[in-house]
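Worksheet: the structure to be examined is printed underneath.
The values are calculated or read from the model by the stated rules, or taken from the named source; none is laboratory data. None of these values were measured; they are calculated from a predicted model. We place every Cβ from the backbone using ideal geometry, glycine too, and count neighbours over all the protein chains shown.
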Amino acid sequence: MDTQLRSARGRLLWFILLLLVFPLINHWTDIIHSGQLQRVEYNRKPRLSLNSLWTGDYQDSMSKYCNDSVGFRSDMIRTINQVNFSLFRNMNTVGATEGYHHNLFWGDYIESYCGKDYKGDNYPLESLCKLKKIQDTLEKLGKMFVLVHSGSKASYFAEDIPDDVHCNSGGKTNLKNYIRIADSLGIHQVNFNSWIASLHGKKPHHLFNKQGIHWNLYGAYFAADSLISYIEHARKIRMPHPHIVSIERSHKARRAEDDIESLLNLFLPVDTTAYWYPEIKYDDTTGRKKPKVIYIGDSFISPLLCDGLFNSNTDPEFWFYFNTAIFADWENQSIRKQIDDYDWHSALQKTDCVVMMYTITQLVDASHIFIDKAYSYYYPGK
């Protein structure tokens, strides 16, 4: 009996030692590769030098590197996250919110939709007065300008916003105020936010995915086709239009259409609703114009350029937050320049159209960057 007991204790001891040592072994050998966590900055292995060793920087950096790269660290974090979410509906990602029907929201969009971030009745007046002058200048140069308000998931899935938000959707919001003032000044606008929300339940598939922030490629198709029609009417031309020839059903997200869910770093999906991906083809380009267009705005522009707009334009440019200029290969974003290193003034002279599009969370705080710099260029000293 004592021999059996000692044998059982010995096996248990070896098992515990194996559990403790195996992560270290996997760290050095990478026998089992764990996927990296999303939106986590990993510390790199430091270089050894006499100076860093003497100052203690090497030891400190090496300690952080070992902590980040220990075997199965990502899997253990995902396990903890999954337990917290499955049992208590707690999410480790700041900003993410779960609504009804397993619908994931980013909190900033709910805040903007409900008017909780309202900045006052006259807040955007000065900026919009500048934008009106920029629009007038571009029109005198033969350019078309339009301000586009992109769709918002909070507007589209408003019924799934959790009750504890205490949302008053009928109150004042920055978007409503922005549209009101811009309209009174005569700024050309397209309000995709209201239009896309009105299509909820009227299309065969959702225009936003439950697992992501942005409109999906199916929703972006409708926005792109509508924007092409607007440019056609404004410039009195005919452009190639995209058409859906088929739609593929997939249980795996593409192009970061599950960007909220992926940030939660879980093992299991929050929602199993399928993704729908349209196959796009274009009209015959014979006799049709493909104007050169510059798009200024946030990440909601990217899905439009992937399929819906790219082949309807000539050498389109995407000025991401008026910080980075992207010229081609939208998915890989391989060709880009910092705006400060780019002759954007000449680019404006050569383009046919300027489209500025922001979502409701970025409209007030981000749109002024282009407005201020373009106004200073066209109206120096004023």
Original post:
Residue check: is Lys202 in a loop (DSSP other than H, G, I, E, B), exposed (fewer than 14 other Cβ atoms within 10 Å of the Cβ) and under 19 Å from the mean Cα position of the chain (by Cα)?
Top reply: no
Original post:
When segment 356-378 is examined, which residues are found to be in contact with a helix residue (DSSP H, G or I) (Cβ under 8 Å, 6 or more places away or on another chain) and within 24 Å of Asp108 (Cα to Cα)?
Top reply: Met356, Met357, Tyr358, Thr359, Ile360, Thr361, Leu363, Val364, Ser367, His368, Ile371
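Filter segment 257-270 down to the residues that are in a loop (DSSP other than H, G, I, E, B) and among the hydrophobic types (A, V, I, L, M, F, W, C), then identify the one that is modelled with the lowest pLDDT. Please lay out each step first, then the result.
From segment 257-270, those in a loop (DSSP other than H, G, I, E, B) are 257-258, 264-270; that's our starting set.
Still in the running and among the hydrophobic types (A, V, I, L, M, F, W, C): 264, 266-268, 270.
Numbers: Leu264: 92, Leu266: 91, Phe267: 88, Leu268: 91, Val270: 92.
Going through the qualifying residues, I end up with Phe267.
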**OP:** Run down Arg249, Arg336 and say which single residue is surrounded by 14 or more Cβ atoms within 10 Å (Cβ to Cβ), among the basic types (Lys, Arg) and not in a helix (DSSP H, G or I).
**Re:** Arg336
Original post:
If you check Asp315, Asp284, which single one turns out to be modelled with pLDDT under 90, in contact with a Phe, Trp or Tyr (Cβ under 9 Å, 6 or more places away or on another chain), in a loop (DSSP other than H, G, I, E, B) and not basic (Lys, Arg)?
Top reply: Asp315
Original post:
Would you say Pro303 is under 27 Å from Ile134 (Cβ atoms), of a type outside the set (Ser, Thr, Tyr) and either modelled with pLDDT of 90 or more or assigned to a helix (DSSP H, G or I) (or both)?
Top reply: yes
**OP:** May I ask you to list the residues in segment 53-80 that are at pLDDT 75 or above and over 37 Å from the mean Cα position of the chain (by Cα)?
**Re:** Trp54, Thr55, Gly56
Original post:
Since Phe267 meets every condition but one in (1) buried (at least 16 other Cβ atoms within 10 Å of the Cβ); (2) among the hydrophobic types (A, V, I, L, M, F, W, C); (3) touching a residue at least 60 places away in the same chain (Cβ under 8 Å), which condition does it not meet?
Top reply: (1)
**OP:** Check Tyr118 against each of (1) modelled with pLDDT under 75; (2) closer than 30 Å to Ser184 by Cα and name the one condition it does not meet.
**Re:** (1)
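Could you say whether any residue in segment 347-356 is of a type in the set (Lys, Arg), within 30 Å of Lys140 (Cα to Cα) and in contact with a strand residue (DSSP E or B) (Cβ under 8 Å, 6 or more places away or on another chain)?
No, there is no match, as no residue in segment 347-356 is of a type in the set (Lys, Arg), within 30 Å of Lys140 (Cα to Cα) and in contact with a strand residue (DSSP E or B) (Cβ under 8 Å, 6 or more places away or on another chain).
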**OP:** Answer with yes or no whether Arg254 is farther than 23 Å from His149 by Cα, assigned to a loop (DSSP other than H, G, I, E, B) and touching a Phe, Trp or Tyr at 6+ places or on another chain (Cβ under 9 Å).
**Re:** yes
Subject >> Selection from segment 341-355 of residues that are outside any loop (DSSP other than H, G, I, E, B) and in contact (Cβ under 8 Å) with a residue 60 or more places away in the chain >> reply: Leu348, Gln349, Cys353, Val354, Val355
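Can we say Gly107 is farther than 24 Å from His188 by Cα and small (Gly, Ala, Ser)?
yes
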**OP:** With respect to Thr273, determine if the residue is out of contact with any strand residue (DSSP E or B) (no Cβ under 8 Å at 6 or more places or on another chain), exposed (fewer than 14 other Cβ atoms within 10 Å of the Cβ), in contact (Cβ under 8 Å) with a residue 40 or more places away in the chain and assigned to a loop (DSSP other than H, G, I, E, B).
**Re:** no
Original post:
Among the residues of segment 234-245, is there at least one that is touching a His at 6+ places or on another chain (Cβ under 9 Å), of a type in the set (D, E, K, R), outside any loop (DSSP other than H, G, I, E, B) and within 30 Å of Gln189 (Cβ to Cβ)?
Top reply: no
Original post:
Just one of the numbered conditions (1) farther than 15 Å from Phe105 by Cα; (2) assigned to a loop (DSSP other than H, G, I, E, B); (3) not hydrophobic (A, V, I, L, M, F, W, C) is not true of Ser226; which one?
Top reply: (2)
